[in-house]
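Visitor: I'd like to ask some things about the structure below.
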Ligand SMILES: Cc1ncc(COP(=O)(O)O)c(C=O)c1O
């Protein structure tokens, strides 16, 4: 390899692999029959959602702090994060006997604040957005001399994340594709540098970003890191405004392609992983699986490893994500019927619904809706469907019987009546 930064990352990753022995879980890379048959390729899942702290982030954080341990013990460390990096730093600092301060935006969900405190860090809530917390962390670093630990734009952090690639190659051997979620680019830089050092161009490294936050894709198009406007996403773990300068330089060399996935595909991947594999992952963590299931990445044959990078899902909103995913697959349907307001009419419609084994979760009969003609009523119905087919049959039969049916569920609009 002629590229010095790639050489350096690889050398450090070899060292990190040794340092992290006994510190991190060597998480499994498991073959998934279900997802393989759904996607038509051999799908393996690298389960970093089962990592200590619930995400891969402690690999980089631990190796970074370890790399200057004497100074870290004297000065302490500081970082800014509302997510998995906070817990990675807190956990690693605790293990290494280092004092850690983590600045989190005041909007950070309490479960993340509590997890970070639980690992022993001193948490400071500051600023409404990440940038304000980041500025505060740098200020603390200047004032008290604590060393700032960057979440991705640091060669030791990148090398620590790269240890994931050694584990994948040890377990799976010949890999054709490795799919990696992209935030600031630390994870994919580390994995990419190790994969390319060992496998060269035989193994493709693919970045996956949410459609609403395509920072790496835009940066590659521009030939330099560019800012994007942040919008909400289920993959909140990768909502970074910009990739790093260092990570961009590495990514340019080691990433073969970047694909985008939409929010419905992320919701669907979360619920399918839970239902089929009994695995809980967060939105950022399922981006690679979403890319495969949605067809955003078209792969013909071979062995594909999807890095499931984290499992710290917000349980207070998880049920909504699952419902959304089920709705995408027409397993939960919301129908609006407009029917004549005469006795027996609702009963007739509901007979069709129950004959197709749809289970009604909620129903509302509204005869005061001025948008429907006089003498008609609007019925809104939410039901569980045993299969997408049962749902399609129900709609067809209702329409055949003359009911006006409106559905907002994606994928059903074009259904023949
Ligand atoms: C679960 C999860 N996946 C992926 C990423 C992206 O990592 P990176 O910022 O190194 O690209 C993050 C970042 O925090 C994350 O928390």
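Visitor: If one takes the longest principal axis of the Cα atoms in the chain, at what angle in degrees, from 0 to 90 and to the nearest 10, does the Cα axis of helix 245-254 lie?
Guide: Roughly 70 degrees between the two axes.
Visitor: Report, in deg cm²/dmol and to the nearest 500, the calculated mean residue ellipticity at 222 nm for the chain, where each DSSP H run with n ≥ 4 adds -39500 (n - 2.57) and the sum is divided by the residue count.
Guide: Computed ellipticity for the chain at 222 nm equals -14000 deg cm²/dmol.
Visitor: Sticking with this one: Taking segment 243-359 as the region of interest, what is the percent of Cα-Cα pairs per 10 angstrom bin, listed from the shortest bin to the one with the maximum distance?
Guide: 12, 30, 25, 18, 9, 4, 2, 0
Visitor: Taking the number of other C-beta atoms within 10 Å as the exposure measure, put 68, 152 in order starting with the fewest.
Guide: Ranked by crowding around the Cβ, least crowded first: 68, 152.
Visitor: Order by neighbour count: 292, 246, fewest other Cβ atoms within 10 Å first, most last.
Guide: Ascending number of Cβ neighbours within 10 Å: 246, 292.
Visitor: Assign one of three labels to segment 195-256, namely rounded, prolate or oblate, based on the Cα gyration tensor with a ≥ b ≥ c the square roots of its eigenvalues; rounded applies when a/c is under 1.5, prolate when it is not and a/b is larger than b/c, and oblate otherwise.
Guide: Prolate, because a/c is 1.5 or more and a/b exceeds b/c.
Visitor: Can you give the alpha-carbon Rg of segment 330-407 over 2.2 N^0.38 Å, where N counts its residues?
Guide: So segment 330-407 has a normalised radius of gyration of 1.03.
Visitor: Let me know the Kirkwood hydrodynamic radius for the chain, please, with Cα pairs as the basis and the value in Å to one decimal.
Guide: 23.0
Visitor: Angle between the Cα long axis of helix 388-400 and the longest principal axis of the chain, 0 to 90 degrees, nearest 10?
Guide: The angle comes out near 30 degrees.
Visitor: I want to verify a result. In a Gaussian network model of the chain, Cα cutoff 10 Å, which of these has the top mean-square fluctuation: 359, 84, 42?
Guide: Maximum among the listed residues: 359.
Visitor: Picking from 355, 290, 93, which is most flexible by a Gaussian network model of the chain using Cα springs under 10 Å?
Guide: Sorting by GNM fluctuation, first place goes to 355.
Visitor: Where does segment 131-251 land on Rg(C-alpha)/(2.2 N^0.38 Å)?
Guide: The reported ratio for this selection is 1.15.
Visitor: Quick one: of the DSSP bridges fully inside the chain, what percent are antiparallel, nearest 5?
Guide: Of those bridges, close to 45 percent are antiparallel.
Visitor: How tilted is helix 345-355 with respect to the longest principal axis of the chain? Cα atoms for both, answer in degrees (0 to 90, nearest 10).
Guide: Once rounded, the angle reads 50 degrees.
Visitor: While we're here: Which percent, nearest 5, of DSSP beta bridges in segment 1-125 are antiparallel?
Guide: Rounded to the nearest five, the antiparallel share is 35 percent.
Visitor: Could you identify which residue out of 345, 124, 38 has the top mean-square fluctuation in a GNM of the chain using Cα springs shorter than 10 Å?
Guide: Maximum among the listed residues: 345.
Visitor: I'd like to compare 394-406, 200-212, 232-244: which one has the highest average count of other Cβ atoms within 10 Å, and what's the full order after that?
Guide: For the peptides 394-406, 200-212, 232-244, the packing ranking is 232-244, 200-212, 394-406.
Quick note: the coordinates plus some simple rules give every number you see, no bench work behind them. Not measured: the values here are computed from a predicted model. Don't worry about glycine lacking a Cβ; one is built from the backbone with ideal geometry, like all the others, and counts go over all protein chains shown.
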